[in-house]
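The values are calculated or read from the model by the stated rules, or taken from the named source; none is laboratory data. All figures in this text were calculated on a predicted structure; none of them were measured in a lab. Every residue, glycine among them, receives a Cβ derived from its backbone with ideal geometry; neighbour counts consider all protein chains shown.
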Amino acid sequence: MRTQADKAARFRELHQRPGAFIIPNPWDAGTAKLLAAMGFEALATTSLGLANTLGQSTVNLDAIIENCRAIAQATDLPVSVDLENCGADMPKLAAEAIRFAAEAGAVGGSIEDSTGDPQRPIYDFSLAVERVQAAVEAARALPFPFTLTARAENLLHGRKDLDDTIKRLQAFEAAGADVLYSPGLYDLATIKTVVSALKKPFNLVMGFADPTLTVEQLATAGVKRISVGGAMERHALAAFLHCAREMKDKGSFTYVRDMAPVKDIRKAFAAATSD
């Protein structure tokens with residue numbers, strides 16, 4: 001088994017090598033093991049996927065950390081945790097989430113400038129930067145290289161101001177964030193505009209981007225890391241609802257023809273456990 005320091009070093013290497021890499025988003029230990037068995041090199045948690053599995057619209061920091069712990073313990077892969085706004089407004093309190101994530105086994109994590117309050121969805125610029133600075137300090141105090149991702153959330157909250165988004169990402173970069181992230185970018189031209197304004201690695205989430213884009217195209221555009229957020233969990237939920245509707249509305253069960261064979265699933269779990 002790799003040590004946490006080994007995982008952290010490996011995660012850093014993925015961000016430094018040429019090209020782009022995919023970091024898929026499991027929502028529990030089982031899906032983490034399946035992704036590991038398929039050969040993915042790192043994993044990221046999804047707070048949306050977790051909320052859906054719990055039947056909630058949101059999740060608190062305690063639930064996020066426990067989910068991170070389960071996923072980090074399930075495989076030998078580096079894990080980055082979606083910490084949302086880190087559970088607090090004030091910088092020092094928010095930065096505590098970085099330590100909690102590390103204690104749960106993560107080697108990376110994110111802090112975002114979304115408040116969670118629909119009335120004021122985005123933190124003021126100065127406070128947003130202070131929060132990233134505090135998170136950077138917390139990450140640097142750890143005994144291994146924790147990869148901190150800073151997220152600018154404007155585009156997910158109706159603020160279509162690309163200049164302000166870039167300004168925030170550049171400020172987060174200057175504050176010491178290792179990776180930058182702006183969910184809501186859709187087309188390749190806009191992605192190139194944002195990435196070209198930054199010097200550090202950029203994470204693109206495909207849950208909101210043009211789904212016809214390929215890894216090759218994104219790598220050429222300068223994207224380093226590609227995640228999918230809650231997209232895989234929502235796709236699985238769509239399949240679940242399809243099965244349920246067939247039973248309820250038609251009284252039939254033809255969906256069982258498309259089930260994954262038990263032996264294939266067990267083989268994948270066994271492969272992930274033995275690695």
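Tabulated data
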{"item": "Checklist (1) farther than 22 Å from F240 by Cβ; (2) of a type outside the set (F, W, Y); (3) out of contact with any Gly (no Cβ under 9 Å at 6 or more places or on another chain); (4) not in a helix (DSSP H, G or I) applied to Q56, failing item", "result": "(1)"}
{"item": "Region 203-236, residues that are aliphatic (A, V, I, L, M), under 26 Å from A29 (Cβ atoms) and out of contact with any Ser or Thr (no Cβ under 9 Å at 6 or more places or on another chain)", "result": "I226"}
{"item": "Lone unmet requirement of (1) under 20 Å from L148 (Cα atoms); (2) assigned to a loop (DSSP other than H, G, I, E, B) for R2", "result": "(1)"}
{"item": "Selection from region 130-159 of residues that are within 20 Å of the chain's Cα centre (by Cα) and farther than 13 Å from I98 by Cβ", "result": "R151, A152, E153, N154, L155, L156, H157"}
{"item": "Residue that is nearest to E41 (Cα to Cα) [pool: residues in region 192-244 that are of a type in the set (S, T, Y) and part of a helix (DSSP H, G or I)]", "result": "T220"}
{"item": "Counted residues, region 93-139 - those being of a type in the set (S, T, N, Q), exposed (fewer than 15 other Cβ atoms within 10 Å of the Cβ) and outside any loop (DSSP other than H, G, I, E, B)", "result": "1"}
{"item": "Qualifying residue in region 140-147 (condition: at pLDDT 95 or above, in a loop (DSSP other than H, G, I, E, B) and loosely packed, with under 15 Cβ neighbours inside 10 Å)", "result": "yes"}
{"item": "Cross-chain or 6+ apart pairs with Cβ under 6 Å, region 245-269 first and assigned to a helix (DSSP H, G or I), then at pLDDT 90 or above and basic (K, R)", "result": "F269/K33"}
{"item": "Residues of region 225-275 classified as under 30 Å from G19 (Cβ atoms), modelled with pLDDT under 95 and among the basic types (K, R), total", "result": "1"}
{"item": "Selected residue [among the polar types (S, T, N, Q) and in contact with a strand residue (DSSP E or B) (Cβ under 6 Å, 6 or more places away or on another chain)] from N60, N85, N67", "result": "N85"}
{"item": "Which listed residue, of P26, P18, is outside any helix (DSSP H, G or I), at pLDDT 95 or above, within 15 Å of the chain's Cα centre (by Cα) and farther than 20 Å from A175 by Cβ", "result": "P26"}
{"item": "Members of region 55-96 found to be small (G, A, S) and under 15 Å from the mean Cα position of the chain (by Cα), listed by number", "result": "A72, S80"}
{"item": "Selection status of I64, farther than 26 Å from I265 by Cβ, buried (at least 22 other Cβ atoms within 10 Å of the Cβ) and either out of contact with any His (no Cβ under 8 Å at 6 or more places or on another chain) or at pLDDT below 95 (or both)", "result": "yes"}
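Let's see how each residue does on (1) small (G, A, S); (2) more than 16 Å from A268 (Cα to Cα):
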| position | (1), (2) |
| --- | --- |
| M1 | no, yes |
| K7 | no, yes |
| R10 | no, yes |
| R17 | no, yes |
| A20 | yes, yes |
| N25 | no, yes |
| L35 | no, no |
| S57 | yes, yes |
